[in-house]
Amino acid sequence: MTNIDQETKEKLINGAIEARKKSYSPYSRYPVGAAVIAGSGKMYTGCNIENSSFGLTNCAERTAIFKAVSEGEKRILAIAIAAKASAPCGACRQVLSEFAAAEIPVILVNLDDKKGTKEIQELTLGQLLPFSFNQEDAGLC
Ligand code: THU
């Protein structure tokens, strides 16, 4: 796992929790927040944004990643995700793998709003997305 310091981890965790408060999720009522640290050292946050045409929903992780990349970032060094059950969906794992090494920490922040509890788990992207599609092997880069 790539090392990031404790202060940065806490900043990411709080960033994801705060971003979750901005969630637009009137259909599922399932708020999700995410925060990434990009190559420049800057943090970008995002929330899930739903649509009445359900398939157009954007997950919190992709909102944060796309915000970073649209600001010129090319590398994601760590991500935190805050939700009731915060393991990222398959699509977000794949999108993250475009910009992040297998070793980066993925910090899962599982929140129980009723109990007011917070459980933190730390994995790597490689653990969450083993045997991933490899652009180099495919001759795409
Ligand atoms: N969601 C995310 O934001 N991230 C994930 O990794 C899984 C699901 C959102 C999409 C939808 O707005 C809500 O959670 C319920 O699926």
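Please treat every number below as a calculation from the coordinates, not as lab data. Since the model is a prediction, treat every value here as computed from it, not as a measurement. So basically every Cβ, Gly included, is an ideal-geometry build from the backbone, and we count neighbours across all protein chains shown.
Of everything in region 29-52 that's within 13 Å of the ligand (Cβ to nearest atom) and over 23 Å from residue 113 (Cα atoms), which residue is surrounded by the fewest Cβ atoms within 10 Å (Cβ to Cβ)?
Among those that are within 13 Å of the ligand (Cβ to nearest atom) and over 23 Å from residue 113 (Cα atoms), it is 52.
Only one of these conditions is not met by residue 108: (1) surrounded by fewer than 23 Cβ atoms within 10 Å (Cβ to Cβ); (2) within 10 Å of the ligand (Cβ to nearest atom); (3) among the aliphatic types (A, V, I, L, M). Which number is it?
The single condition residue 108 does not satisfy is (2).
For a quick check of your reading of the model, give me the residue pairs whose first member lies in region 7-27 and is polar (S, T, N, Q), whose second is away from the ligand (no atom under 12 Å from the Cβ), with beta-carbon atoms closer than 6 Å and at least 6 apart or on different chains.
Every condition considered, no pair remains.
Step by step: first the residues of region 73-92, then only those that are surrounded by fewer than 12 Cβ atoms within 10 Å (Cβ to Cβ) and touching a strand residue (DSSP E or B) at 6+ places or on another chain (Cβ under 9 Å), then the one that is farthest from residue 18 (Cα to Cα). Which residue is that?
Filtering region 73-92 for residues that are surrounded by fewer than 12 Cβ atoms within 10 Å (Cβ to Cβ) and touching a strand residue (DSSP E or B) at 6+ places or on another chain (Cβ under 9 Å), the one farthest from residue 18 (Cα to Cα) comes out as 74.
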